[in-house]
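What follows is one structure encoded as structure tokens, with my remarks underneath.
Nothing in this text is a laboratory measurement; each read-out follows from the coordinates by a stated rule. Fair warning: this is a prediction, and the values are worked out from it, not measured in the lab. Note that each Cβ is placed from the backbone with ideal geometry, even for glycine, and that neighbours are counted across all protein chains shown.
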Amino acid sequence: MLRLTRHPEPILKPVIHHPWESRYVFNAGVVYHNGLVHMLYRAMGEDGISRLGYAVSADGLNFCRLDQPVLAPATPWESRGVEDPRITRIGDRFYVLYTAYSEHGVRVSMASTTNFITWTRHGVLLPDEDNKDAALFPDKINGRYAMLHRRPPDIWLAYSEDLIHWTDHQVIMRPRPGTWESWKIGAGAPPIQTPWGWLLFYHGVDEQRVYRLGVALLDLENPARMIRRQETPILSPETPWEREGQVPHVVFTCGAVEIAGIYYVYYGGADAAIGVATVTTEEVERFCRGR
């Protein structure tokens, strides 16, 4: 059974003298590039508007961050915030799918960068529906880009020729009644390619609105085919900072990376602070092989 081992304390907390992140920091997307962990994280200040901050680390635990957000609301779709970034490197650019929140609802939006400071916005990808928990695959599958997204309460898969127009939507995972993921599920970190399939860390919510993390393995050539899915969660809210906060009883991931034989899974605790939990590649391989 695969389980994550949490770092005992949050690795990122609010900064009281930064008005844009003075109350909460949570739900971080990450990518490992040139020996550094690059992090985009959701932050909220007294105005209740979500913005995205940038932090960087050489060891995956100790982060330096900028004192200003790198992505803030700039379009009518984002008037109430930009939320929950998930980072995928494709070619020489880093693409970020995030939730745009406004009076129109929540929409999947995309921006890209080469340096995490200057950004190109690509707009709303699925403009006609409330949608979130979207994540890009890092490689094309049978010549097309692939994306996970969430039409409640399920995880969906879609394909695209250009990263903008998405078709062939299909359900690939559903909640499991009577379990820790009975109410709804959603993609967490972008899928990670392994020799055995696409490794997916995801979240599940039960009828009491407790958020936990799970793990599944999807087929490399056809991600709609699930190879295996662990029945038990890999991380549950247990510490005080995971049980008490803006939204209690929550662990929620938007990003994971593998560094020197260890997977680092970054998560928001109670929508208030950022933590990290780890698992070795050997343990992941045993799960992938069904051992």
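Other residues lying with their Cβ under 12 Å from the Cβ of Leu12 contribute a combined charge of +1, Lys and Arg counting +1, Asp and Glu -1. Please give every one of the lysines within straight-line cross-link reach of Lys184, meaning a C-alpha to C-alpha distance under 23 Å, and leave out same-chain neighbours fewer than 8 residues apart. Reachable lysines: Lys132. Ile227 sits among other residues whose Cβ lies under 15 Å from its own Cβ, and their net charge, with Lys and Arg +1 and Asp and Glu -1, is +2. Under the classification rounded if a/c is under 1.5, otherwise prolate if a/b is larger than b/c and oblate if not, where does the stretch 75-198 fall, given a ≥ b ≥ c as square roots of the Cα gyration tensor eigenvalues? Note, shape of the stretch 75-198 comes out oblate. Nearest 0.05, what FRET efficiency do Arg209 and Asp92 give at R0 = 51 Å with Cβ-Cβ as r? According to the calculation, E is roughly 0.80. For the stretch 206-261, which GluC sites (Glu not before Pro) pass both filters: DSSP loop (anything but H, G, I, E, B) and at most 15 other C-beta atoms within 10 Å? In loop regions of the stretch 206-261 (DSSP not H, G, I, E or B), the sparsely surrounded GluC sites (Glu not before Pro) are Glu207, Glu221, Glu231, Glu238, Glu244.
Just from its helices, what would the mean residue ellipticity at 222 nm be for the chain, if runs of 4 or more DSSP H residues each count -39500 (n - 2.57) and the sum is divided by every residue, rounded to the nearest 500 deg cm²/dmol?
Working: 2 runs with 12 residues, N = 291.
Mean residue ellipticity at 222 nm (helix-derived): -1000 deg cm²/dmol.
Extension gain, Thr280 to His169, is 36.6 nm, computed as 0.36 nm per intervening residue step minus the present C-alpha separation.
Please compute the length gained on full extension between His33 and Thr194, using 0.36 nm multiplied by the number of residues separating them and subtracting their Cα-Cα distance. Please list the in-between numbers first.
On the way: separation 161, 0.36 × 161 = 57.96 nm, distance 1.77 nm.
So the extension gain works out to 56.2 nm.
Once both labels are positioned 7 Å from their Cα atoms along Cα-to-Cβ, the gap between Asp130 and Ile259 label points is 3.7 nm. Its alpha carbons considered, the stretch 187-288 gives a radius of gyration followed by a Dmax of 13.7, 41 Å. In this simple spin-label approximation, Leu61 and Thr179 carry label points 7 Å from Cα along the Cα→Cβ vector, and these lie 3.3 nm apart.
Fully extending the segment from Asn142 to Ala74 would add 21.0 nm, taking 0.36 nm per residue of separation and subtracting the current Cα-Cα distance.
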